[in-house]
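The values are calculated or read from the model by the stated rules, or taken from the named source; none is laboratory data. Just so we're clear, the structure is a prediction, and the values are computed from it rather than from any experiment. Cβ coordinates were reconstructed from backbone atoms using ideal geometry, including for glycine residues, and neighbour counts include every protein chain displayed.
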Protein chains: 2
Amino acid sequence: MKKKSTDQTTPKVIAGVKSPTALNPHLKNILAQKRKQQGDAAHYVQGIQEGNKVILSQAITIIESTRPADQKMAKSIIEKCLPFANQSIRLGITGTPGVGKSTFIEAFGSHLVEQGKKVAVLAVDPSSKISGGSILGDKTRMEKLAHLANVFVRPSPAKSSLGGVARKTRETMILCEAAGFDTILVETVGVGQSETLVHSMVDFFLLLLLPGGGDELQGIKRGIVEMADLVLINKADGDRVKLAKRTSIDYKNALHLFPPKTSNWTATALICSALTNDGIEEVWEQIGKYIKLTKENQYFENNRQQQAKYWLEAAISQGLQTAFYQNEVVQKALIKIEQAVLKNELSPFQGAEQLLKLFKTSII
Amino acid sequence: MKKKSTDQTTPKVIAGVKSPTALNPHLKNILAQKRKQQGDAAHYVQGIQEGNKVILSQAITIIESTRPADQKMAKSIIEKCLPFANQSIRLGITGTPGVGKSTFIEAFGSHLVEQGKKVAVLAVDPSSKISGGSILGDKTRMEKLAHLANVFVRPSPAKSSLGGVARKTRETMILCEAAGFDTILVETVGVGQSETLVHSMVDFFLLLLLPGGGDELQGIKRGIVEMADLVLINKADGDRVKLAKRTSIDYKNALHLFPPKTSNWTATALICSALTNDGIEEVWEQIGKYIKLTKENQYFENNRQQQAKYWLEAAISQGLQTAFYQNEVVQKALIKIEQAVLKNELSPFQGAEQLLKLFKTSII
């Protein structure tokens, strides 16, 4: 690890995320003053590198802001954090609501902290787009975990497109890594497109399922099981242990039918109970095996480079489309041309060509 | 049908596709002269509307050409054909090599012709990109079918990107419809991305499978079964009838587990033998039921409009990306910026922003 480690003797400073003022109002004032005086990215970067969770939180808020001044500051912070990022293990965790994701993350995260890990929990939540809320926004969730010194929990950025949420989460990841968090958990619900986005920002992808019933019956979209590096049957406690074991064997067999992964890793299925902590250790062992294998066969690094390339291309595509569809000349013509295409008066390709010509002329 | 019907008294004129000169060299000369004299799209459009397969073939060649003069002519031809297009039933047919696709299309196409249909067979073949060849290029394939007066067989456009092939096939479809072909079969192999593209240009999607073995064992990618409106177990003859029946029952059950389609159609599974013609009639009956249902519930028309919108947006996106990646300033900077992103010196989003700025400055 290249970054400075957190000063463990001052847990008070980095203890709270939700309400730092309640824990240390004096500190907050000092920080605010300092920020006013400095007003530059260096202040945030220093705080982040010192593992200060309050400053980390503030910096993430700047990243999530849509104000141009904040956007400029965010860019500067990310740039300065980049050299200290990229050193963590990034884990994607997906599963439908009800599968016990937060209880699992609480149990799993606690286990990681016991192993000496520093854990950041982020979320990509498509529903936050609609509700304006967040799956991690509920204060009662992961309360025990969130208050551990070596844990940082951040809700999903709300009120944005899924692509926007994913992008901000990926940038937040950089800041968390620069703050010394060496294990990043990115949580998402396994019902839409968000898993594909999360899959393209993590090293290892974990799918949580319930005992009994196929993934499709549990509301998991096709293609998601294929992305999983580990299928984990949660709630394997009490009466459900037997059923959970049977389900995990079914998945173990089914996973073998998929074509081999580029990583050379054979996905498997395990059972666990976030309630009794049974099987939690084994999950981390599996991930350790995966990391060892993929670091040895270079897949780990190659995959991260592929992911960086993917995000570069996606951001270019997004940028081009935004420029196009927000262009006033295009917007005016689009309605008419779309109508002509829908009425078969114009082929889609000719419609596109006309619009692209208008776009080009309007910006020259 | 709005277009003129083909003159059935002159089958010689429209009999050959592969080598029209061999059939009527005199005619070809007349056509060539006429083209020289006229040199405009009206000549092609008239020939197409008269159902002249030779002229139709020539017009498609113009569409497939990359020469700017041809591209201009192609645009004009398509525009003039559009009012006469859109009146057909468009069927997508997919299945891995070995499933008997061409034999099926031969049997099925012949049955359609017996029902008084005019059938055009097109192909979207991703492999033609690599080989420069074409799945329909083999002269021995569908020979019987191709020589029927009311049938037009056209190989996949070769040597282009998959998107390019799909686009040209969609444009070719317009010309075929204007030529009075009322049933368009678009063939593709069920192994890659091409089915998604074909799925977005047809009304009904048919998946051919072999008796025995799941779709994944047969090399069909996940997600394709879900797109199918009908799963057809081919080669249900001789010893294989029993196995084919069992396979079709398995699929019938499995298809019920998928979420209901927007079309309200319940996909089912049937068996057939392109060799003995058993079950071929039933396939057409199923398609008839589908058309009736979706025309009544408006899905048919809505879906076509959605597809037109999809192709408009895809063409816009493609056009933007082409302009971007072919820009010399971008090309020069891209290598450096990509390297910086891969080395974690620059975040993908900042890299994209820099490139987009360069692109904008270079075209203003």
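Among the numbered criteria (1) farther than 30 Å from residue A:358 by Cα; (2) more than 9 Å from chain A (Cβ to nearest Cβ), which single criterion is violated by residue B:259?
(2)
Return yes or no: is residue B:254 farther than 23 Å from residue B:88 by Cβ, small (Gly, Ala, Ser) and out of contact with any Lys or Arg (no Cβ under 8 Å at 6 or more places or on another chain)?
yes
Considering each residue of region B:333-358, count those that are within 7 Å of chain A (Cβ to nearest Cβ) and either loosely packed, with under 15 Cβ neighbours inside 10 Å or among the aromatic types (Phe, Trp, Tyr) (or both), and give that number.
Qualifying residue count, region B:333-358: 2.
Take the residues in region B:175-215 that are in a loop (DSSP other than H, G, I, E, B) and either of a type in the set (A, V, I, L, M, F, W, C) or not assigned by TED's automatic domain parsing to the domain that holds residue B:279 (or both), then tell me which one is nearest to residue B:245 (Cα to Cα). Can you show your working first?
Let us first name the residues in region B:175-215 that are in a loop (DSSP other than H, G, I, E, B), namely B:179-182, B:189-193, B:200-203, B:210-215.
Retained after the next criterion (residues that are either of a type in the set (A, V, I, L, M, F, W, C) or not assigned by TED's automatic domain parsing to the domain that holds residue B:279 (or both)): B:179, B:181, B:189, B:191, B:201-202, B:210.
Numbers: B:179: 39, B:181: 34, B:189: 23, B:191: 24, B:201: 30, B:202: 27, B:210: 11 Å.
Taking the candidates together, the pick is B:210.
Would you call residue A:78 surrounded by 18 or more Cβ atoms within 10 Å (Cβ to Cβ), touching a Pro at 6+ places or on another chain (Cβ under 9 Å), at pLDDT below 95 and within 14 Å of another protein chain (Cβ to nearest Cβ)?
Considered against the rule, which asks whether it is surrounded by 18 or more Cβ atoms within 10 Å (Cβ to Cβ), touching a Pro at 6+ places or on another chain (Cβ under 9 Å), at pLDDT below 95 and within 14 Å of another protein chain (Cβ to nearest Cβ), residue A:78 comes out as no.
For region B:236-243, state whether one or more residues are buried (at least 24 other Cβ atoms within 10 Å of the Cβ), more than 14 Å from chain A (Cβ to nearest Cβ) and closer than 22 Å to residue B:102 by Cα.
Within region B:236-243 (the criterion being buried (at least 24 other Cβ atoms within 10 Å of the Cβ), more than 14 Å from chain A (Cβ to nearest Cβ) and closer than 22 Å to residue B:102 by Cα), the answer is yes, since at least one residue qualifies.
Being more than 12 Å from chain B (Cβ to nearest Cβ) and surrounded by fewer than 19 Cβ atoms within 10 Å (Cβ to Cβ): is that true of residue A:361 here?
no
Can you pull out the residues in region A:140-167 that are at pLDDT 90 or above and not in a loop (DSSP other than H, G, I, E, B)?
A:151, A:152, A:153
Mind counting the residues in region B:298-332 that are crowded, with 18+ Cβ neighbours inside 10 Å and away from chain A (no Cβ under 12 Å)?
The total comes to 2.
What pairs come up if the first residue lies in region A:176-192 and is over 12 Å from residue A:156 (Cα atoms) and at pLDDT below 90, the second is polar (S, T, N, Q) and surrounded by fewer than 24 Cβ atoms within 10 Å (Cβ to Cβ), and their beta carbons are under 8 Å apart, counting only those six or more places apart or on different chains?
A:190/A:96; A:191/A:96
Picking from A:266, A:276, which residue would you name as being in contact (Cβ under 8 Å) with a residue 12 or more places away in the chain, away from every other protein chain (no Cβ under 14 Å) and not in a helix (DSSP H, G or I)?
Values: A:266 fails: in contact (Cβ under 8 Å) with a residue 12 or more places away in the chain.
The unique qualifying residue is A:276.
Looking at this structure, is residue A:292 part of a helix (DSSP H, G or I), in the same structural domain as residue A:162 (by TED's automatic domain parsing), charged (D, E, K, R) and more than 30 Å from residue A:213 (Cα to Cα)?
yes
In this structure, is residue A:293 free of Cβ contacts under 8 Å to residues at least 40 places away in the same chain and within 24 Å of residue B:171 (Cα to Cα)? Break it down into steps so the answer makes sense when it comes.
Details: free of Cβ contacts under 8 Å to residues at least 40 places away in the same chain: yes; within 24 Å of residue B:171 (Cα to Cα): no.
No.
Kindly list, by first and then second residue, each pair from a residue in region A:340-353 that is more than 19 Å from residue A:325 (Cα to Cα) to a residue that is surrounded by fewer than 17 Cβ atoms within 10 Å (Cβ to Cβ) and among the acidic types (Asp, Glu), limited to pairs with Cβ atoms under 8 Å and residues at least 6 apart or on different chains.
Pairs that qualify, where the first residue is more than 19 Å from residue A:325 (Cα to Cα) and the partner is surrounded by fewer than 17 Cβ atoms within 10 Å (Cβ to Cβ) and among the acidic types (Asp, Glu), are A:346/B:79; A:347/B:79.
Got at least one residue in region A:129-139 being surrounded by 20 or more Cβ atoms within 10 Å (Cβ to Cβ), modelled with pLDDT under 90 and away from chain B (no Cβ under 14 Å)?
Scanning region A:129-139, I find at least one residue that is surrounded by 20 or more Cβ atoms within 10 Å (Cβ to Cβ), modelled with pLDDT under 90 and away from chain B (no Cβ under 14 Å), so the answer is yes.
When you scan region A:115-128, how many residues do you find that are surrounded by 16 or more Cβ atoms within 10 Å (Cβ to Cβ) and modelled with pLDDT of 80 or more?
8
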